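*Asks:* Once you've had a glance at the structure underneath, I'll fire off some questions.
The values are calculated or read from the model by the stated rules, or taken from the named source; none is laboratory data. If you're wondering where the values come from, they're calculated on a predicted model, not measured in any experiment. Using ideal geometry, Cβ is built from the backbone for each residue, glycine included, and neighbour counts are taken over all protein chains shown.
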């Protein structure tokens with residue numbers, strides 16, 4: 001049984017367009033049977049925060065290729081262990097701290113500026 | 001990229017960069033269907049960032065392509081003429097001010113710097129641009145047209161203000177996508193210039209891509225970790241479905257493949273390095289269109305400004321036949337990729353005047369050349385031909 005969890009979700013790089021242009025969302029995830037992990041959170045975001053065009057955000061049970069997900073400034077792809085489970089290599093088996101910040105960056109994250117001289 | 005240049009120019013950096021940069025912001029809101037209010041808002045955000053950075057900055061609206069001179073399409077001499085004195089004076093003034101400001105004050109904006117905005121575009125120009133982009137049938141052609149117009153505009157700004165190089169922020173991922181898209185669009189001949197480190201087609205202004213070795217992910221992480229301020233502006237293909245254009249399709253393809261095979265982007269990037277040497281030769285030999293018989297003096301011009309389109313000003317030029325198709329005169333000036341794009345443009349009238357004028361000029365020259373060929377001096381000739389004044 002997972003307790004309710006408070007998470008700050010931040011969208012950038014164009015991803016905010018799918019969420020009414022709102023970049024920062026402070027959300028409280030309700031308590032549920034299974035522990036919260038990123039995939040559950042993405043489904044929750046799709047159901048509760050996403051305003052339009054789900055196919056531009058989610059593909060299958062993950063984000064669309066090109067979208068980066070950062071958990072507490074760490075790349076999701078590098079975090080092999082699930083959220084709330086023991087990370088590999090940790091000696092004491094203590095769970096990872098629940099993430100306080102989740103960021104979703106769209107692929108358009110370059111400024112349209114050019115330099116000269 | 002802007003932040004990296006700022007870092008590189010700071011006094012703390014180990015190998016300090018030795019050039020004086022400016023920044024160009026191209027406002028493409030009209031082509032992307034943004035409302036004037038949204039455009040103004042984005043512009044205000046951009047100005048804030050530009051002022052924070054402290055370099056001379058120039059804001060240009062895409063509508064200004066309607067007042068570009070035809071010379072923007074010509075491959076100019078290496079040294080930009082007419083701006084030497086002003087450029088040197090500006091650089092000296094900048095360096096003196098840097099010195100005067102002292103340590104740790106480098107990023108202060110200097111009021112004497114040219115921070116130009118040529119006034120907001122007129123409603124007529126905005127309407128003309130919207131008409132042009134609305135008349136294009138496919139998103140692919142729109143994106144290509146937008147890229148071409150943007151390049152010409154930035155080139156013009158660079159030449160006007162005496163910049164010898166233009167740095168574009170294309171990442172490895174973006175260039176890999178661009179490479180594959182160019183192949184699909186029939187622009188394989190120009191791969192070396194379109195995706196390589198430097199593009200010297202324009203002569204006096206060299207376009208360089210210093211970020212081409214960084215992936216999009218690295219750039220995103222850098223921006224995040226170093227709190228680089230960023231501005232997001234919707235593009236022509238924002239929120240478009242995956243199959244809306246070849247660009248979108250290729251982007252989805254590459255990114256999806258990259259998710260499964262993380263070496264995809266780097267492999268395509270390596271291929272682009274091979275393209276640097278391999279395709280340059282191919283481009284030069286294929287640039288000679290069958291209709292243009294003897295090589296013209298500015299032989300590189302058709303490839304350098306491949307999107308030079310123009311309508312035949314048949315009524316203005318006595319040499320042109322009355323029954324010739326003006327569109328054909330335009331099309332014959334284009335490379336293969338641009339010809340394919342032009343199929344999606346039902347009428348050439350909405351195109352900016354500089355394109356039409358230059359195409360007409362080249363078309364007339366091509367027609368006149370055979371008649372005066374025997375009087376022309378070749379570059380390798382040491383003595384004047386008899387009969388030449």
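*Asks:* Taking the criterion of being within 11 Å of another protein chain (Cβ to nearest Cβ), in contact (Cβ under 8 Å) with a residue 40 or more places away in the chain and crowded, with 20+ Cβ neighbours inside 10 Å, would at least one residue in region B:233-244 satisfy it?
*Replies:* yes
*Asks:* Output the residue which, of all residues in region B:145-164 that are part of a loop (DSSP other than H, G, I, E, B) and in contact with a strand residue (DSSP E or B) (Cβ under 8 Å, 6 or more places away or on another chain), is nearest to the other protein chains (Cβ to nearest Cβ).
*Replies:* Ranking the qualifying residues of region B:145-164, first place goes to B:163.
*Asks:* Check region B:173-188 and report whether any residue there is within 12 Å of another protein chain (Cβ to nearest Cβ), farther than 19 Å from residue B:249 by Cα and either modelled with pLDDT under 90 or out of contact with any strand residue (DSSP E or B) (no Cβ under 6 Å at 6 or more places or on another chain) (or both).
*Replies:* no
*Asks:* So, one more: Would region B:249-261 turn up any residue that is within 9 Å of chain A (Cβ to nearest Cβ), within 30 Å of residue B:33 (Cα to Cα) and in a loop (DSSP other than H, G, I, E, B)?
*Replies:* No, region B:249-261 contains no residue that is within 9 Å of chain A (Cβ to nearest Cβ), within 30 Å of residue B:33 (Cα to Cα) and in a loop (DSSP other than H, G, I, E, B).
*Asks:* While we're on this one: Check region B:199-212 and report whether any residue there is loosely packed, with under 15 Cβ neighbours inside 10 Å and either within 23 Å of residue B:62 (Cα to Cα) or in contact (Cβ under 8 Å) with a residue 24 or more places away in the chain (or both).
*Replies:* The answer is no, given that none of the residues of region B:199-212 is loosely packed, with under 15 Cβ neighbours inside 10 Å and either within 23 Å of residue B:62 (Cα to Cα) or in contact (Cβ under 8 Å) with a residue 24 or more places away in the chain (or both).
*Asks:* Of the numbered conditions (1) at pLDDT below 50; (2) surrounded by 18 or more Cβ atoms within 10 Å (Cβ to Cβ); (3) more than 9 Å from chain B (Cβ to nearest Cβ), residue A:104 satisfies every one except a single condition; which is it?
*Replies:* (1)
*Asks:* Same structure again: Quick one: which strands (runs of 3 or more DSSP E) lie wholly within region A:1-84 and hold at least 2 residues that are surrounded by 13 or more Cβ atoms within 10 Å (Cβ to Cβ), more than 12 Å from chain B (Cβ to nearest Cβ) and in contact with a strand residue (DSSP E or B) (Cβ under 6 Å, 6 or more places away or on another chain)?
*Replies:* Hits in region A:1-84: A:5-12, A:24-29.
*Asks:* Sticking with this one: Check off (1) closer than 30 Å to residue B:69 by Cα; (2) buried (at least 19 other Cβ atoms within 10 Å of the Cβ) for residue B:172 and give me the number that stays unchecked.
*Replies:* Just one mismatch for residue B:172, condition (1).
*Asks:* Going by the conditions given, is residue B:45 more than 10 Å from chain A (Cβ to nearest Cβ), more than 23 Å from residue B:133 (Cα to Cα) and modelled with pLDDT of 75 or more?
*Replies:* Here the answer is yes, as residue B:45 does meet what is asked.
*Asks:* Right, another one. Do we find a residue being modelled with pLDDT under 80 and on the phi > 0 side of the Ramachandran plot anywhere in region B:84-91?
*Replies:* no
*Asks:* For region B:21-33, which positions are within 13 Å of chain A (Cβ to nearest Cβ) and either outside any loop (DSSP other than H, G, I, E, B) or in contact with a strand residue (DSSP E or B) (Cβ under 9 Å, 6 or more places away or on another chain) (or both)?
*Replies:* Within region B:21-33, B:21, B:22, B:23, B:24, B:25, B:26, B:27, B:28, B:29 qualify.
*Asks:* Mind telling me which of the residues B:175, B:179, B:225, B:216 ends up being within 30 Å of residue A:77 (Cβ to Cβ) and free of Cβ contacts under 8 Å to residues at least 40 places away in the same chain?
*Replies:* B:225
*Asks:* Is it true that some residue in region B:126-144 is touching a residue at least 12 places away in the same chain (Cβ under 8 Å) and within 13 Å of another protein chain (Cβ to nearest Cβ)?
*Replies:* no
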